[in-house]
Every structure is written in structure tokens, then in C-alpha cells.
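Here, each number is a calculation from the coordinates, and none is a lab measurement. Since the structure is predicted, the reported quantities are computational estimates derived from the model, not experimental observations. Here the Cβ positions follow ideal geometry from the backbone for every residue, glycine too, while neighbour counts run over all protein chains shown.
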Amino acid sequence: MRSSNNPALTRSPAFTGRPVPDTIDPLEQAYLGPSATARQTGRMTVEVVVERTTLLFAIALITGAATWALGLDGLAFPAGLVGLVLGLVIIFKQVTNPAAIMAYAAIEGVFLGGISKYFNTAYPGIVVQAVVGTAAVAAIMLGLYRSGRIRVTPKFTKMVVAATMGFLVLIVVNLVAGFFTDGGLGLREGPLGIVVGLFAIGLASLNLVLDFDLVESGARQGVPERYGWFAAFALMVTLVWLYIEILRLLAILRGND
């Protein structure tokens, strides 16, 4: 099974082809009718992942809206740190507990609500534009993947993984440089910021395609139902990254008006 660049999926034996103790045997699957539900078979399905991803975003929307409405945007930074730590725990501990993953969604909602309010105060209406843009990009990439116009081959995967790792290193260097020079390397401002923003959005979109492929492959292999929560978490991570990059790009474009 091909590997995704999303660490939430690449570290999971269920999504990398490594043995999973309670994965249903293929022979047993043959005796399970096509109308059997995920709960009846104990298998993860694409529908289960979609439902749980929707639930996670609903939770994030509620906490994000509350953060915005109550003026708690000052909690964005600490929520971002807590969310990062919890996210790493979920990834490295292979957590499939729905309570932990929903808690992550709630904390991430506080972060998104706070940072979104900050950007929207500076550039009114930018959040709606970013949300629409994120939904549009996700829908387009899903359509391209399902239609076969984008095929997830080993070569494609290696290219996306290499580009993403290189981008992450560059962003870390820019962040460190920011402690010594205002704006760091200037990767997030001006014409260069626009180029970097477009590249980041493209990269996040391609990672989303890898995630789609991993989820679909996991469903075909009959991984345990509990991994539906893990897959939903992984998709949320990529979609949040995509939203943040679109928000940043729009801010740069609006700032240059």
C-alpha cells in the first residue's frame, strides 16, 4: 500500500500495509454481504471517515465560533500549542480513542477561531473567502482523484513527500530567522510571499490527494472500524493546513491592494 506524507497515516499500521491484529481476513470478507454496515463488519469504510470528519469539523466550528463571539481570540496561541502537542501524541501513540480526537478538534477550533478573527479584523470578509477557497480546492482535488485524472503512483508519492519535507525545513529556517530579522527570510510577505503561498497551497492539495488514496485503500483492505477516527483526524490536519495557507495568501494579496 502506498504511503502518505501525512504522519497521522504513515505511522499507522492500518494505513501502511503492516499487519493489524483485528483486520478482517479477506476470505471472511467474501462471506460478508455488500449491504453490511461498518458496525456489523467491524471494518472502516469511506462513509464512516466522511461522517467522522464532518463531526470533527462541526466540533471545531462550534468552539471556533464561541472563541470568536466571546472575544477569546487571545487563546489562539496557547490553543495552537496545546493542539500541536495533542496532535503529536495522537500520531505517535496511534490513538484511535474518539474522545481524544474530538478533544483535538475542539482545541483546534479555538485556535482557528482566534486566528481567523485576527485576520478578519485586519481584512474584513477574508475568512469567508478562505473557507470557500478551502472547500473549493478540496472538492476539486477529490474530483480529480476520483476521476483518475490524478493517479497516486509511487513516483508521485515520493515527489510530494520530498517537496513537503523540503518546504517544512524552509519554513522552520524562516521561523528561526524571524527571531533575528524582522520578517525572517521574507517568505510570508510581498511577491515572494505570494509565490510561497501558492506553492504551499498546491502542496497541501497534493497531500490531500495522498490522504484520499490512503483512506480509500484502507477501506478496501478492511482495516478496523476504529481507524475511521484516526483517518478523520488525519484529513482534518491536512484541511486545516490548507485553510491556513489560503488565509495567509489572501492576507498578502489584500495587503498589497
Do the conditions hold for Met159, that is, is it surrounded by 11 or more Cβ atoms within 10 Å (Cβ to Cβ), more than 21 Å from Ile246 (Cβ to Cβ), under 16 Å from the mean Cα position of the chain (by Cα) and of a type outside the set (Gly, Ala, Ser)?
no
Return the pair list, or none, for Cβ contacts closer than 6 Å from residues in the range 238-256 that are within 26 Å of Asp211 (Cβ to Cβ) to residues that are crowded, with 23+ Cβ neighbours inside 10 Å and among the charged types (D, E, K, R), at least 6 apart or on different chains.
Thr238/Asp211
Condition (residue is farther than 30 Å from Leu70 by Cβ and more than 17 Å from the chain's Cα centre (by Cα)) applied to the range 120-142: is it met by at least one residue?
no
Can you name the number of the only condition in (1) out of contact with any Lys or Arg (no Cβ under 6 Å at 6 or more places or on another chain); (2) in contact (Cβ under 8 Å) with a residue 12 or more places away in the chain; (3) of a type in the set (Ser, Thr, Tyr) that Thr157 fails?
(1)
Looking only at the range 90-123, count how many residues are more than 12 Å from Ala234 (Cα to Cα), in contact (Cβ under 8 Å) with a residue 60 or more places away in the chain and in a helix (DSSP H, G or I).
8
Please enumerate the residues belonging to the range 150-200 that are over 20 Å from Leu235 (Cα atoms), out of contact with any helix residue (DSSP H, G or I) (no Cβ under 8 Å at 6 or more places or on another chain) and not in a helix (DSSP H, G or I).
Gly178, Phe179, Phe180, Thr181, Asp182, Gly183
Identify all residues within the range 172-206 that are surrounded by fewer than 18 Cβ atoms within 10 Å (Cβ to Cβ), of a type in the set (A, V, I, L, M, F, W, C) and in contact (Cβ under 8 Å) with a residue 24 or more places away in the chain; write none if there are none.
Ile194, Leu198, Phe199
Going by what's in this entry, would Glu225 be described as under 26 Å from Thr96 (Cα atoms), touching a residue at least 24 places away in the same chain (Cβ under 8 Å), charged (D, E, K, R) and surrounded by fewer than 18 Cβ atoms within 10 Å (Cβ to Cβ)?
no
